[in-house]
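Structure, as structure tokens:
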Amino acid sequence: MQPKTLKPEEYFVKDEPYYQPVDEEIAVFEAAYAQCLPVLLKGPTGCGKTRFIKYMAWKLKRPLITVSCHDDLTASDLVGRFLISGGETIWIDGPLARAVRHGAICYLDEVVETRKDTTVVIHPLADDRRVLPMEKVGEILEATSKFCLAISYNPGYQSVMKDLKQSTRQRFVALDFDYPNATLETEIIVSETGIDKNTASQLVKFAHMTRDLKGSGLDEGASTRLLVHAAKLIRDGIKPVTACKTAIAQTITDDADMLTAMHELSSSLF
Amino acid sequence: MAHEPLSTEDIIACLDECLEVEFSFVENETPAQAIVKLPRREQDFILNLTRRVAGTNIKLAYQLACHAIRALEAMEQHMVEAWAMTATDHYDRKGLLPAMSVIRDLDSFIDNARKRACGAVFEEQVSVLLPFLHGLSGRKLKLNSADRAYTDTETIYLPPILTTLPEMQENFLLYKATLAHHWAQIQYGTFRVDLIDIYSNDANSEIQLKKFYALEALRLDACIQRELPGLYRDMQMLKQKLNQLDNQHRWQDLQTILSEQHSSVHTSIELVDKVKLEDCPELFCYQGELQLHAVREIMNKRIEREKACFRVALSEVAKETLQQTACDETENTGEPTKGETAMFEIREPDAAQSAFNDGTVELQFEGELVPTSEHIRKLMSSIFVDFGEIPSEHLTAAGPDEYDLSKYEDSKLDPGEVWKDTYHKEGVEIYNEWNVQRQHYHKNWCVLREIDVQPVYDSFYQDTLTKHKGLLKSLRHSFEILRGEDKLLKKQPHGDDIDIDAFVEACGDVLSGMEMPENLFTKIHKEKRNVAVIFMVDMSGSTCGWINQAEKESLILLAEVLEILGDRYAIYGFSGMTRKRCELFKIKTIDEDYDDNVRARISNIKPQDYTRMGVFIRHITRMFNDIEADTKLLITLSDGKPDDYDTYRGEYGVEDTRQSLYEAKQQGIHSFCITLDEKARDYLPHMYGAANYAVIDDVAQLPLKVSDIYRRLTTG
Ligand SMILES: Nc1ncnc2c1ncn2[C@@H]1O[C@H](COP(=O)(O)OP(=O)(O)OP(=O)(O)O)[C@@H](O)[C@H]1O
Ligand SMILES: [Mg+2]
């Protein structure tokens, strides 16, 4: 079994991704990168964190290696492990080690999902040592100034149990993301989907309605991502009310009354 | 298998028994004569229903038995049942006489039932209408029912039932339209002028007000058309169905003026003199009435309160900002000169952005944008709705002692008033309760409040550790064994490391010409306990003395050993007095660390009043919904049967508790009860199930047993 790994050059973002700056996040990220500081992106789901990091990878011309974290992720999954091939053992770098070696941006998405003992392997990388100890091969990888560590974290919905440890979070420059204001969000939807501006702005209004319901019936309001989904359906000929229902309402709740209420709201708008 | 109909004698005997004829002296002959003519199924139905109502009140049940036949002729069985339940509900809430009149006034119930079949009922729709209202922008409004629709600018009142149109769906639309119209009055500034001042001076004023109201409706319609075109279409459709469109067209010219973007309540006022009363369209179907005095009272109070809160909030922002700058510029001493009041400014959003005129304005201080908290944003959007702007006198930060905010806080809530209030109330949760006799939930019956326990920092914790030193040691040991250990699994197809033994063996195999085996890795198997447990501790008056002491010691020991396991746990005490005062005492929440504060709170667990149980189990079930765990466990420590001051005694209390445990089970929660009541074997198996309780005879054994039982419950 020959493991297939992408070559670092395949991780370059070739075309400029569309990213609409909301605040000073681009300048801050560039400064943090120049100063070799790791970055923590926090914010609700679907507000553009992943898109932003992709954009930064393109802008800084670095390969981007993304790891989606989950609770079974072990330290070996990040650092690397031995495999057996033709009667011999070979060492395979994990994504984190690969990123360090090639001076890539390593983006750990939803880092709180991992077990706490996994999170600690990034500690030496995230302070001024900037090294990745690989105990199993007895090697210490030193990161060059090109390497960058970024993690994301959604402070909203996890239980306190899954909160990031202070010792982890206090190593990062934190960028706070939120849904863009109405004008920007409308613009994003128009550029992402080519839908007309008027419909886009009604969709944004609908999103604000659901965000107002956060805490009184909904756990989370509609994200920018969902608006983009709805807009794509509408552009493809689906009625706006149906698009709001299937792409937005149904994905954020199962509660029958809330679904009806949201349906009434969207049919008021369109 | 069809049964023979009952004879008159059978029926009399049955009625005599359930109506306790020896004491009540009711005469059962007449109803029996009528019932005997029915088929057996209907006979049984009536007799059962009578028995259920008799559990509440004998006289009521007798009336029911007399009227039930006519009810059955006119309505389906489930409606007859609803009629009986309405009566018992009236009995609980208002007393015997109103309940009796429900039974006697059968015709109006039947009539209502017909209306309900096609009408929309507020109680049923409120769960949709309220989030709908909250989704519309602006102030967070409340919803309630009243005979006529109107708003006081804080609550929108809607009629309890709407039957204007033939279809239920249309009547629901009418609710929605009425709601939106009154929301629009608030949002688009109908009350930004004092209408009482303008329209109460001369004899003509009533007519003037009517004209104003008609014009204003057109203006608001136009606002709704701009913001909520879909809803506007529905409203037009309703008007068309009710032939209200024509009159509207008569005012075409005026409508054009009122529809302009910059028209306001003043536009309507100016136009009043230009129209004749005869030309006024009749009230649209979604227009309620103006209750100007209610509006004035509520508005004045709110404006004063919000101004105070806002200015105090600003003074805090100013203080923070100034401290910040003081830190930045070290040369400047940074002390703001006394007496100088901080002035804020408003930055209006660009005109292009004003699609949302919901008061999303930004706040500036000394030329810089300041970040606004949720609290400030809410206040701003409410103030904006009242004035259409943030008035400049609101924008000076309050002086040090200018306001006493406590004056504006809600006066302590009287639980008895809770139903009169609207559907959301801070700090109070309302639960149903099961009435076994009626086989029916009492809706919104119990009022539960979570209460903080004051920590008492004394030697209780140390004393307990010393007293149970030996026990604790052995408990610790047995819990350590339980702790989930990481196991190293060998010969795995995938894994973190190479299983050297397997590898060496495999190399031998390969050399001897065999194929390379696949299972050559080791893998750490994470044995993860994912248990969440909530302890509910009886704090009723009967636990006074030894029991209380033992409960507290048990909790300390348990917490000590649970820390070893890493299981998440919460501790709550419960007690109360009647359904209107159910109190849950917070000792440790699930995510709180076990620290000195928790210990000090355990130390202060004191006997209170009575033991109502169902409501607490329902509340904890709801809490568990937000807790993610593979195993959810609810353990109750108690000293006796559920028992409360009102009717929560005997069978009623036991059955409600059983029902609530059943509800918990449906949510995947395991319940277990540890009790000190020797008689518990009579009722606990019925409530908790045969294997889910333990009776402890000796109080002194409690600390040991509780931990021991816990260990047993959470392994294998
Ligand atoms: N500022 C922005 N510029 C361009 N597109 C955006 C922006 N914000 C959000 N989007 C749109 O929203 C979608 C979702 O964003 P993204 O996948 O980056 O969310 P996320 O913050 O990573 O969410 P999660 O936490 O769920 O991973 C994007 O695909 C893009 O269409
Ligand atoms: Mg993402």
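The values are calculated or read from the model by the stated rules, or taken from the named source; none is laboratory data. Quantities reported herein were computed from a predicted structural model and do not represent experimental measurements. As a convention, Cβ positions derive from the backbone with ideal geometry for all residues, glycine included, and neighbour counts pool all protein chains shown. Just the protein is used for accessible areas: all its heavy atoms, side chains included, with ligands, DNA and RNA removed. Shrake-Rupley method; radii C 1.70, N 1.55, O 1.52, S 1.80 Å.
Points worth noting:
- Residue in the stretch A:62-81 that is within 14 Å of chain B (Cβ to nearest Cβ), under 28 Å from A:Asp178 (Cα atoms) and acidic (Asp, Glu) present: yes
- When each of A:Val39, A:Val100 is tested for being more than 14 Å from every other protein chain (Cβ to nearest Cβ), β-branched (Val, Ile, Thr) and within 16 Å of ligand 2 (Cβ to nearest atom), the lone residue that passes is A:Val39.
- Sole residue being more than 11 Å from ligand 1 (Cβ to nearest atom), within 14 Å of another protein chain (Cβ to nearest Cβ) and part of a loop (DSSP other than H, G, I, E, B), chosen from A:Ser145, A:Ser201, A:Ser216: A:Ser216
- Verdict on A:Pro133 being modelled with pLDDT under 85 and open to solvent by 30 Å² or more (accessible area, probe 1.4 Å): no
- Any hit, the stretch A:222-230, residues being within 14 Å of chain B (Cβ to nearest Cβ), β-branched (Val, Ile, Thr) and touching a helix residue (DSSP H, G or I) at 6+ places or on another chain (Cβ under 6 Å): no
- Flag for A:Ile151 being at pLDDT 90 or above, in the same structural domain as A:Gly103 (by TED's automatic domain parsing) and within 16 Å of ligand 2 (Cβ to nearest atom): yes
- Across the stretch A:47-84, the number of residues qualifying as near ligand 2 (Cβ under 10 Å from one of its atoms), in a helix (DSSP H, G or I) and either open to solvent by 20 Å² or more (accessible area, probe 1.4 Å) or not basic (Lys, Arg) (or both) comes to 5.
- Matching option when the condition is over 17 Å from B:Asp496 (Cα atoms), more than 14 Å from chain B (Cβ to nearest Cβ) and loosely packed, with under 14 Cβ neighbours inside 10 Å, among A:Ile122, A:Ile140: A:Ile140
- Selection status of A:Pro44, part of a loop (DSSP other than H, G, I, E, B), modelled with pLDDT of 90 or more and either crowded, with 20+ Cβ neighbours inside 10 Å or within 16 Å of ligand 2 (Cβ to nearest atom) (or both): no
- Within the stretch B:229-239, being facing another protein chain (nearest Cβ under 9 Å) and surrounded by 23 or more Cβ atoms within 10 Å (Cβ to Cβ) holds for one residue alone: B:Leu231.
- Restricting A:Leu203, A:Leu184, A:Leu218 to residues that are away from ligand 2 (no atom under 16 Å from the Cβ), modelled with pLDDT of 95 or more and not small (Gly, Ala, Ser) narrows the list to A:Leu203.
- Scanning the stretch B:642-651 turns up at least one residue that is in a strand (DSSP E or B) and either touching a residue at least 24 places away in the same chain (Cβ under 8 Å) or more than 21 Å from B:Ser478 (Cβ to Cβ) (or both).
- Among the residues making up the stretch A:56-84, those that are within 16 Å of ligand 1 (Cβ to nearest atom) and within 19 Å of A:Leu37 (Cβ to Cβ) are A:Met56, A:Ala57, A:Lys59, A:Leu64, A:Ile65.
- Per the listing B:Asp152, B:Asp197, B:Asp202, the residue uniquely in the same structural domain as B:Ser264 (by TED's automatic domain parsing), over 33 Å from the mean Cα position of the chain (by Cα) and under 20 Å from B:Lys301 (Cα atoms) is B:Asp197.
- Scope the stretch B:517-560; condition surrounded by fewer than 17 Cβ atoms within 10 Å (Cβ to Cβ) and over 18 Å from B:Ser603 (Cα atoms); matching residues: B:Pro517, B:Glu518, B:Asn519, B:Ile524, B:His525, B:Lys526, B:Glu527, B:Lys528, B:Arg529, B:Asn530
- Flag if A:Gly87 is more than 16 Å from ligand 1 (Cβ to nearest atom), open to solvent by 20 Å² or more (accessible area, probe 1.4 Å) and within 14 Å of chain B (Cβ to nearest Cβ): yes
- Flag for B:Glu563 being within 14 Å of chain A (Cβ to nearest Cβ) and surrounded by fewer than 20 Cβ atoms within 10 Å (Cβ to Cβ): no
- Any hit, the stretch B:66-77, residues being open to solvent by 30 Å² or more (accessible area, probe 1.4 Å), farther than 13 Å from B:Ile103 by Cα and of a type outside the set (D, E, K, R): yes
- Qualifying positions in the stretch A:238-270 - more than 9 Å from chain B (Cβ to nearest Cβ) and of a type in the set (Val, Ile, Thr): A:Ile238, A:Thr242, A:Thr246, A:Ile248, A:Thr251, A:Ile252, A:Thr253
- Selection within the stretch B:265-289 - under 25 Å from B:Val385 (Cβ atoms) and open to solvent by less than 40 Å² (accessible area, probe 1.4 Å): B:Val265, B:Thr267, B:Ser268, B:Ile269, B:Leu271, B:Val272, B:Phe284, B:Tyr286, B:Gln287, B:Gly288
- Those helices (runs of 4 or more DSSP H) of the stretch B:96-201 in which at least 3 residues are away from chain A (no Cβ under 14 Å), considering only elements entirely within it, cover B:96-104, B:106-118, B:168-187, B:195-198.
- Qualifying residues in the stretch B:568-611 (those that are assigned to a strand (DSSP E or B) and small (Gly, Ala, Ser)) - the one surrounded by the fewest Cβ atoms within 10 Å (Cβ to Cβ): B:Ala570
- The stretch A:107-142 - residue that is basic (Lys, Arg) and assigned to a loop (DSSP other than H, G, I, E, B) and, of those, nearest to ligand 2 (Cβ to nearest atom): A:Arg115
- Of the listed requirements (1) modelled with pLDDT of 80 or more; (2) away from chain A (no Cβ under 14 Å); (3) under 22 Å from B:Ile620 (Cα atoms), B:Leu471 misses just one: (3).
- Annotation note: Cβ proximity below 8 Å between a residue of the stretch A:222-241 that is without any contact (Cβ under 8 Å) to a residue 12 or more places away in the chain and a residue that is assigned to a helix (DSSP H, G or I) and of a type in the set (S, T, N, Q) (sequence gap 6+ or interchain) occurs for A:Ile238/A:Thr246.
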